[in-house]
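Data first, discussion second: the structure below is written as structure tokens.
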Amino acid sequence: MKRLWSFIALELLRLLATIVVMSAIIFLLVELMPGDVAQIILGQSATEEAVAALRVSRGLDKPALERYLSWVGGMLRGDLGQSIYMKGVSVNSLLWRRVAHSLALALTAFLLFVPLSILFGVVAAVKEKRVADSIISFFGLATMALPEFVSGVFLIVIFAVTLKWLPLVSIIPIGQTLWTNLRILILPALSITFVMFGYVSRMQRSSMIGVLHSLYIRSAKLKGLPRMYIITRHALRNALLPTITVIGMNMGWLFGGLVVVESLFGFPGMGSLLLTAVKTRDIPLIEACVLLITVIYTLSTRLTNILYAVLNPRIRYQGGQE
Amino acid sequence: MIRKTILIFVIILVAFSLTAGGAKEPAKTEKTIRVAENVPGLITPGVWDGQAITLNASIYEYLVEVDAVDNSLRPILATDWSTDDGAVWTFHLREGVKFHDGTPFDAWDVKYTIERTQDPAVGHLKRADFAVVKAIDVVDDHTVVITLKEKRPTFVMQMTDYNMAILSRHYDYENLGERSPMGTGPFILSQMVPKENALLVRNREYWDPALPKVDRLEIYFVTDLDAKVAMLEGNQVDVVPFVSPVTRLRLDAHPNINVIAAYQEHRFIAMAVDQKPFDDNRVRLAFKYTMDPDILARSVAQTTVGEGFYYNESPIMNTLVEYHEMGRRGRDIAKARSLLEEAGYPNGVSVDLYYANDHPYSKELSQTVAELAAPAGFAINLKGFPRDIYLTQYWLKVGFSITGWGGRIDPAILLGLAFRSDGPWNEPHLADPVIDSLIDRIASEADEVVRSRYYQQLQQYFYDEGAIINIQVPKLVALRTNVTGYQHPLTMIVQYKYADID
């Protein structure tokens, strides 16, 4: 148990170091973006006086190091700054609303693809080299090969245009909330499910096949245990490890990297907010979004490592330098 | 396990279907127009970048407005205006008008709005245009006299610029202008979710009791054009301002959607007269002889000349009264070749063409221009950059460029900015005393007939020796057929107060 805790502490230290380094890199990259931000914001009719006034008003005239330190200081206090455009509107008020929407979308997709992929992966493994296996494998490969913007368009054509069951674009009508419009989550979540299903179900299938061919499963069968009991209690438990890794590795993408899916469906999540921020060069917003995505990616990777260590003691022995 | 999975799905589906249609909707008797437009940039008048037109144009108001059909001026906050010589202007203002915060509108607000253009802390985009103002005298609460440093017989046109919305002198626009815009307009901002949507409701104390015709304007801010168009097709919005010509082809097949060319915008092909090879007028003429307006209209805007697309070789828009028809030059490759040879380029000439490749029409235009000019010996290398890079690093510096320009209701404003030798945005690097003198005479001539003659002379000069080609592309607006009375003039200030929906 002590070893596990020291492993977790080490992982958290690594997480912190990554975030510190990343914050500097993000700030530097945004600094290096071509063009004068004030000029870009004011557009073609910007005059020198207008550009200078905007720089002063948004603090862009201060040295980069000073701005970096004040940004980091603000973050430590939980203040992510103000949007360059909406003077007086904090990035916090823009960001967290979108994060909540993206979390709802990620959770919906998660609830759809995880049970589906594991179920069909197991079925394919149990029915190895039979018709069911071929169909599931083919479907998995096909959905994996289709980028989400292609499968998304298919889904839109079927469910929104032809059947008219679901809205074409996943916007929240004015004056309403996401919680009263949960149906707008279905199409984007299905689109994500299409992408993830192939990865996860194939991973589940191959690890399950490996386990089903092992000696202890054979002895379980010879002991006369019921087939379902062997599959769910003996085989699945051990065959889940690689699947958890794949899911864990993709959690960062799922919670923060859905730029394409959110843009395609017009969904008001963090991905589409980031796209808007980049397009309009809203620096504090870009920095906040990218940093948050970095934190989610790093956190999900580290959490996967920890979960893995909990499930598989050999990892924590190595990880704990024992 | 299978049972558990099925149970999870059933729970999700039931939960999601229960939420459908359970939300509050506006009362059925209320009329609502829903619009999908770009995510706003800066919106405070003075530094407004021209995005979010539905939002700003509905909240704010101007002294005068432009008729979308004939470009004439209509009284709004000013009931009438007069000038004897173009140097002293008297504006009589509408009585009984209130700002959305309840404060009354008067002559002091007009004085504040114009004086604000010169405040360095604001960084007002119209500072240069209003530097001509010498004094603003408030005669009484509803009369203001503006004295200019020199004669400007078309000065009133400056008050139609989208950054010249009349502001309340009591309101803190520097701190509230971006999140709580407030004016005297026909609609009041009711709520705004930054970068997502805004709800505008009818101003019940609007000075014209017959307007606006609808109760609510719902504005969705959407970055992606395809998403906006999908919202229109899916009946989630009623209007999408500014779609592409390719989208128009797609929407033309839709029975409930119309696409209209609201007005035109310039795309100036500028040839710098101080850089090779266009320092020689024969090369400029040769290039002009390679152009074919019909092919350009078809390839750039999927239309024909006169149907929202225009072509000429002067700075003036074809649709303005100041425009004089010069006749078509006609495409003549042999003549273009011989002109190039005369200019010392018998084997043709290679030249880089710079443009913003993400700006509407620019990519298609640059490619078509290169194709058309090639047979005469112009080897045009296309140098497309994202618009912000183009504007900050190449624009005004390079020798050959395509740039988008908004149309001006008074072409004299554009002439001073872009074609006078000291103009801040002089793309072709003109330093021609003939052009400067004509521009000055146009700006100060009070007699319309004489002014029109100067315009004609200027256009002839540009036709013979000019350094630009003026291509005018349509700004396309897609609307559902149940939207009527949509008016969107050249000033960009869309007039939703006249719009209705069945």
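The values are calculated or read from the model by the stated rules, or taken from the named source; none is laboratory data. Predicted model, so just to flag it, every value in this text is computed and none were measured. Quick reminder, even Gly has a Cβ in these numbers, built from the backbone with ideal geometry, and neighbours come from all protein chains shown. What goes into the accessible areas is simple: the full protein's heavy atoms, side chains included, and nothing from ligands, DNA or RNA. Shrake-Rupley method; radii C 1.70, N 1.55, O 1.52, S 1.80 Å.
So, in the range A:210-265, how many residues would count as being part of a loop (DSSP other than H, G, I, E, B) and closer than 30 Å to A:Ala160 by Cα? First the steps, then the outcome.
Initially, the range A:210-265 is screened for residues part of a loop (DSSP other than H, G, I, E, B), giving A:213-214, A:224-226, A:257-258.
Next cut, closer than 30 Å to A:Ala160 by Cα only: A:257-258.
Number satisfying all stated conditions: 2.
Does B:Leu353 satisfy being in a helix (DSSP H, G or I), at negative phi and in the same structural domain as B:Ile439 (by TED's automatic domain parsing)?
Values: in a helix (DSSP H, G or I): no; at negative phi: yes; in the same structural domain as B:Ile439 (by TED's automatic domain parsing): yes.
Criteria not met by B:Leu353.
B:Arg331 passes all but one of (1) among the basic types (Lys, Arg); (2) open to solvent by 30 Å² or more (accessible area, probe 1.4 Å); (3) outside any loop (DSSP other than H, G, I, E, B); which number fails?
With (1) among the basic types (Lys, Arg); (2) open to solvent by 30 Å² or more (accessible area, probe 1.4 Å); (3) outside any loop (DSSP other than H, G, I, E, B) applied to B:Arg331, the lone miss is (3).
Let's see how each residue does on (1) more than 21 Å from A:Ser206 (Cβ to Cβ); (2) modelled with pLDDT of 85 or more; (3) surrounded by fewer than 24 Cβ atoms within 10 Å (Cβ to Cβ):
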site: A:Val246; (1), (2), (3): no, no, yes
site: A:Met249; (1), (2), (3): no, no, yes
site: A:Ala277; (1), (2), (3): yes, yes, no
site: A:Thr280; (1), (2), (3): yes, no, no
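With A:Glu128, A:Glu148 as the choices, which residue is under 29 Å from B:Gly234 (Cβ atoms) and charged (D, E, K, R)? Talk me through it step by step, then tell me what you get.
Numbers: A:Glu128 fails: under 29 Å from B:Gly234 (Cβ atoms).
Among A:Glu128, A:Glu148, only A:Glu148 is under 29 Å from B:Gly234 (Cβ atoms) and charged (D, E, K, R).
Only one of (1) within 11 Å of another protein chain (Cβ to nearest Cβ); (2) open to solvent by 20 Å² or more (accessible area, probe 1.4 Å) fails for A:Leu94. Which number is that?
Of everything listed in (1) within 11 Å of another protein chain (Cβ to nearest Cβ); (2) open to solvent by 20 Å² or more (accessible area, probe 1.4 Å), A:Leu94 misses just condition (2).
Could you check A:Met208 against (1) open to solvent by less than 50 Å² (accessible area, probe 1.4 Å); (2) over 16 Å from A:Gly121 (Cβ atoms) and say which number it fails?
(2)
Mind listing whichever residues of the range A:155-186 are in a helix (DSSP H, G or I) and either among the aromatic types (Phe, Trp, Tyr) or open to solvent by 20 Å² or more (accessible area, probe 1.4 Å) (or both)?
Of all residues in the range A:155-186, those in a helix (DSSP H, G or I) come to A:155-162, A:178-180, A:182-186.
Matches in the range A:155-186: A:Ile156, A:Val157, A:Ile158, A:Phe159, A:Val161, A:Thr162, A:Trp179, A:Thr180, A:Leu182, A:Arg183, A:Ile186.
Being open to solvent by 40 Å² or more (accessible area, probe 1.4 Å) and touching a Pro at 6+ places or on another chain (Cβ under 9 Å) is true for just one of A:Met203, A:Met144. Which residue is that?
Working: A:Met144 fails: touching a Pro at 6+ places or on another chain (Cβ under 9 Å).
None of the others qualify; the one that does is A:Met203.
As an exercise: evaluate A:Asp61 against (1) away from chain B (no Cβ under 14 Å); (2) in contact with a helix residue (DSSP H, G or I) (Cβ under 6 Å, 6 or more places away or on another chain); (3) loosely packed, with under 14 Cβ neighbours inside 10 Å and give the number of the one condition it does not meet.
Status for A:Asp61: all satisfied but (1).
Residues of the range B:187-207 being in contact (Cβ under 8 Å) with a residue 40 or more places away in the chain and surrounded by fewer than 19 Cβ atoms within 10 Å (Cβ to Cβ), which ones?
B:Glu205, B:Trp207
Are any residues in the range B:449-502 at positive phi and either under 16 Å from the mean Cα position of the chain (by Cα) or crowded, with 22+ Cβ neighbours inside 10 Å (or both), and if so, which ones?
Scanning the range B:449-502 gives a single hit, B:Met492.
Give the residue that is farthest from A:Asp36 (Cα to Cα), with candidates limited to residues of the range B:387-403 that are of a type in the set (D, E, K, R) and within 12 Å of chain A (Cβ to nearest Cβ). Lay out the reasoning, then the answer.
Initial filter on the range B:387-403 (of a type in the set (D, E, K, R)): B:387-388, B:397.
Applying the additional criterion that residues be within 12 Å of chain A (Cβ to nearest Cβ) yields B:387-388.
Numbers: B:Arg387: 12, B:Asp388: 9 Å.
Looking at the filtered set, the residue picked out is B:Arg387.
Just for helices (runs of 4 or more DSSP H) wholly inside the range B:357-460: which have at least 1 residues that are touching a helix residue (DSSP H, G or I) at 6+ places or on another chain (Cβ under 6 Å) and of a type in the set (Asp, Glu)?
On the way: elements: B:362-373, B:411-418, B:433-444.
Counting at least 1 such residues, we get B:362-373.
Among the listed residues B:Ile435, B:Ile402, which satisfies the condition of being within 16 Å of B:Ile269 (Cβ to Cβ), buried (at least 20 other Cβ atoms within 10 Å of the Cβ), assigned by TED's automatic domain parsing to the domain that holds B:Phe278 and of a type in the set (Val, Ile, Thr)? Outline the logic, then answer.
On the way: B:Ile435 fails: within 16 Å of B:Ile269 (Cβ to Cβ).
From the options B:Ile435, B:Ile402, the qualifying one is B:Ile402.
Scan the range B:251-258 and tell me whether some residue there is among the β-branched types (Val, Ile, Thr) and more than 25 Å from B:Gly327 (Cα to Cα).
Yes.
Can you find a residue in the range B:347-362 that is in contact with a strand residue (DSSP E or B) (Cβ under 6 Å, 6 or more places away or on another chain), of a type in the set (S, T, N, Q) and touching a residue at least 40 places away in the same chain (Cβ under 8 Å)?
yes
Do you know which of the residues in the range B:185-207 that are within 22 Å of the chain's Cα centre (by Cα) and more than 14 Å from chain A (Cβ to nearest Cβ) is farthest from B:Gly41 (Cα to Cα)?
Only one residue fits best here, namely B:Pro186.
Is it true that A:Val126 is modelled with pLDDT under 90 and farther than 18 Å from A:Val259 by Cα? Before the answer, list the steps.
Working: modelled with pLDDT under 90: yes; farther than 18 Å from A:Val259 by Cα: yes.
Spelling it out, A:Val126 is indeed modelled with pLDDT under 90 and farther than 18 Å from A:Val259 by Cα.
Please find, within the range A:150-177, the residue that is nearest to the other protein chains (Cβ to nearest Cβ) out of those that are small (Gly, Ala, Ser) and touching a residue at least 12 places away in the same chain (Cβ under 8 Å). So that I can check it myself, show each step before the final result.
Taking the range A:150-177 as the starting set, the residues that turn out to be small (Gly, Ala, Ser) are A:151-152, A:160, A:170, A:175.
Right, trim to touching a residue at least 12 places away in the same chain (Cβ under 8 Å) and you get A:151-152, A:160, A:170.
Working: A:Ser151: 16, A:Gly152: 11, A:Ala160: 6, A:Ser170: 9 Å.
Among residues in the range A:150-177 that are small (Gly, Ala, Ser) and touching a residue at least 12 places away in the same chain (Cβ under 8 Å), the one nearest to the other protein chains (Cβ to nearest Cβ) is A:Ala160.
With the requirement that a residue be touching a residue at least 40 places away in the same chain (Cβ under 8 Å), more than 13 Å from chain B (Cβ to nearest Cβ) and not acidic (Asp, Glu), what does the range A:101-133 give you?
Kept after step one, since they are touching a residue at least 40 places away in the same chain (Cβ under 8 Å), are these residues of the range A:101-133: A:101-106, A:108-110, A:112-114, A:116-118, A:120-122, A:124-126, A:128, A:133.
Pick out the ones that are also more than 13 Å from chain B (Cβ to nearest Cβ) and you get A:102-103, A:106, A:124-125, A:128, A:133.
A:Ser102, A:Leu103, A:Ala106, A:Ala124, A:Ala125, listed by residue number.
For the range B:113-151, name all the residues that are more than 14 Å from every other protein chain (Cβ to nearest Cβ) and in contact with a His (Cβ under 9 Å, 6 or more places away or on another chain).
The first filter runs over the range B:113-151 and keeps only residues more than 14 Å from every other protein chain (Cβ to nearest Cβ), leaving B:113-115, B:132-151.
Result: B:His142, B:Thr143, B:Val144.
Give the residue that is nearest to A:Ile172 (Cα to Cα), with candidates limited to residues of the range B:33-75 that are within 9 Å of chain A (Cβ to nearest Cβ), aliphatic (A, V, I, L, M) and open to solvent by less than 10 Å² (accessible area, probe 1.4 Å).
Out of the qualifying residues, it is B:Ala36.
Among the residues of the range A:68-91, write down those that are among the hydrophobic types (A, V, I, L, M, F, W, C), surrounded by 20 or more Cβ atoms within 10 Å (Cβ to Cβ) and at the interface with another protein chain (Cβ under 7 Å from one of its Cβ atoms).
Initially, the range A:68-91 is screened for residues among the hydrophobic types (A, V, I, L, M, F, W, C), giving A:69, A:71-72, A:75-76, A:80, A:84, A:86, A:89, A:91.
Subsequent filtering for residues that are surrounded by 20 or more Cβ atoms within 10 Å (Cβ to Cβ) retains A:71, A:80, A:84, A:86, A:91.
Listed by number, the list holds a single entry, A:Met86.
Could you please let me know if A:Ser206 is away from chain B (no Cβ under 14 Å), among the hydroxyl-bearing types (Ser, Thr, Tyr) and assigned to a helix (DSSP H, G or I)? Show your work before the answer.
Working: away from chain B (no Cβ under 14 Å): yes; among the hydroxyl-bearing types (Ser, Thr, Tyr): yes; assigned to a helix (DSSP H, G or I): yes.
Yes; evaluated as a whole, the condition is true for this residue.
Just to be sure I understand, how many residues within the range A:170-204 are more than 21 Å from A:Leu264 (Cβ to Cβ) and among the hydrophobic types (A, V, I, L, M, F, W, C)? Don't jump to the end; show me each part of the working.
Applying the first criterion (more than 21 Å from A:Leu264 (Cβ to Cβ)) to the range A:170-204 yields A:174-177, A:179-180, A:200-204.
Subsequent filtering for residues that are among the hydrophobic types (A, V, I, L, M, F, W, C) retains A:174, A:179, A:200, A:203.
Total satisfying the criteria: 4.
List pairs: first in the range A:27-44 and more than 9 Å from chain B (Cβ to nearest Cβ), second aromatic (Phe, Trp, Tyr) and part of a helix (DSSP H, G or I), Cβ under 6 Å, 6+ apart or cross-chain?
A:Phe27/A:Tyr68
Looking for something surrounded by fewer than 18 Cβ atoms within 10 Å (Cβ to Cβ), over 26 Å from B:Met157 (Cα atoms) and acidic (Asp, Glu) - is there at least one such residue anywhere in the range B:352-363? First the steps, then the outcome.
So the first thing to find is which residues in the range B:352-363 are surrounded by fewer than 18 Cβ atoms within 10 Å (Cβ to Cβ), and the list is B:352, B:357-358, B:363.
Now restrict to residues that are over 26 Å from B:Met157 (Cα atoms): B:352, B:357-358, B:363.
So of that shortlist, the ones also acidic (Asp, Glu) come out as B:352, B:358.
Yes: the range B:352-363 contains one or more residues that are surrounded by fewer than 18 Cβ atoms within 10 Å (Cβ to Cβ), over 26 Å from B:Met157 (Cα atoms) and acidic (Asp, Glu).
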